[in-house]
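Read through the structure below, which is laid out as structure tokens, and then see the notes.
The values are calculated or read from the model by the stated rules, or taken from the named source; none is laboratory data. What you see is a predicted model; the values in this text were computed from it and never measured. Because the Cβ atoms are built from the backbone with ideal geometry, glycine has one as well, and the counts that use them run over all protein chains shown.
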Amino acid sequence: MVAMTTLTSRFGRLASATVVAAGLTLAAHPSADAAVPDCALSSLPAEATTTANLIKAGGPFPYDQDGTVFQNREGILPSQTYGYYHEYTVKTPGEDTRGARRIVTGGTPLTSPPNWYYTGDHYASFCKITGV
């Protein structure tokens, strides 16, 4: 017997689920492959431009985690294979930690990837950066 249901993830988003006999298979976020809204680089905090320039130059980056693989666990960005996305910190003035702001790039080469995304709320939402 197969039953369809809807679950709320720990991030507060709805996720589809399929219950099959003794197993549970979670599907990606329903809008994972839907268009992520666009945002111009010039509309983002100035620190995003600084980070974008560092990415294009290949670094050096201020944090050890910069350039690491972003796994897209939230399922908001389009589905891709592991290693497609990389994340970089966008500094937040007055913040002692890395803060919540990031640029996530997708594709190769790493210094000029075809896809750029911004999150100001630690992966709860994204926009696709234009004008990079």
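So, in the stretch 69-110, of the ones that are in a strand (DSSP E or B) and touching a Gly at 6+ places or on another chain (Cβ under 6 Å), which residue ends up surrounded by the fewest Cβ atoms within 10 Å (Cβ to Cβ)? Once the filter is applied, the top-ranked residue is 69. When restricted to residues that are modelled with pLDDT of 95 or more and on the phi > 0 side of the Ramachandran plot, the stretch 80-98 contains 1. Scanning the stretch 16-53 for residues that are assigned to a loop (DSSP other than H, G, I, E, B), surrounded by 11 or more Cβ atoms within 10 Å (Cβ to Cβ) and modelled with pLDDT of 95 or more gives 44, 45.
Residues of the stretch 46-71 that are without any contact (Cβ under 8 Å) to a residue 24 or more places away in the chain and under 17 Å from residue 129 (Cβ atoms): 46, 49, 53, 66.
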